[in-house]
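Novice: First the structure, which I've put down as structure tokens, then a few questions once you've had a look.
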Amino acid sequence: MKVLVTGADGFVGRWLIRRLLNDGREVFGAERPSAPHGSGPTVNGLTPEERAAVHWLPLELTDSESVRSCLHHPYDAVVHLAAVASTRDAERDPGYAWTVNAAGSARIAHALSEVRHGARSTVVVRAAPAGRPIRRSPSVPTRRASSVRKWRCSRSGGARACGS
């Protein structure tokens, strides 16, 4: 099974990648082109062996062509975790956070609808920072809004969608 993980260099992404590799999946990790690529014992929490086992792809959510290029491969599943996840960063620049989180997720969904390759993809969208309380803010959706979006996506008949 080929799985694309966006936000692969983030906290949740690296743990998911580790799990997918341990389960014998073929993993494609999408990360921002500016992500660090060091040579120490771990880079973004992955060992050199784990990083070597992943097919790394550049992904800039603010660029439609980058999104289409990243999603061109025939994946069995896409786990979309890329986002401005820090509440502090989102509050510092709500416009950028909205562009990355909302518009970037829309670009992912649109590109998936164009390149299905005959397979049904699963999209997992995380709407809030992991382990942090959700505050009402235009840049960080509430749990209720996330639940409504999740329900609407699941009823649309397209890709299955899950969220938190």
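The values are calculated or read from the model by the stated rules, or taken from the named source; none is laboratory data. Note that the structure is predicted; figures quoted are calculated from it, not measured. Positions of Cβ are backbone-derived with ideal geometry, glycine not excepted, and every protein chain shown enters the neighbour counts.
Novice: Of everything in the range 52-91, what is of a type in the set (Val, Ile, Thr), surrounded by 14 or more Cβ atoms within 10 Å (Cβ to Cβ) and more than 14 Å from Val5 (Cβ to Cβ)? Give them in sequence order.
Specialist: Within the range 52-91, Val67, Val84, Thr87 qualify.
Novice: Residues to consider are His55, His72; find the one that is of a type outside the set (Val, Ile, Thr) and at pLDDT 95 or above. Walk me through it before giving the result.
Specialist: Numbers: His72 fails: at pLDDT 95 or above.
Just a single option satisfies the conditions, and that option is His55.
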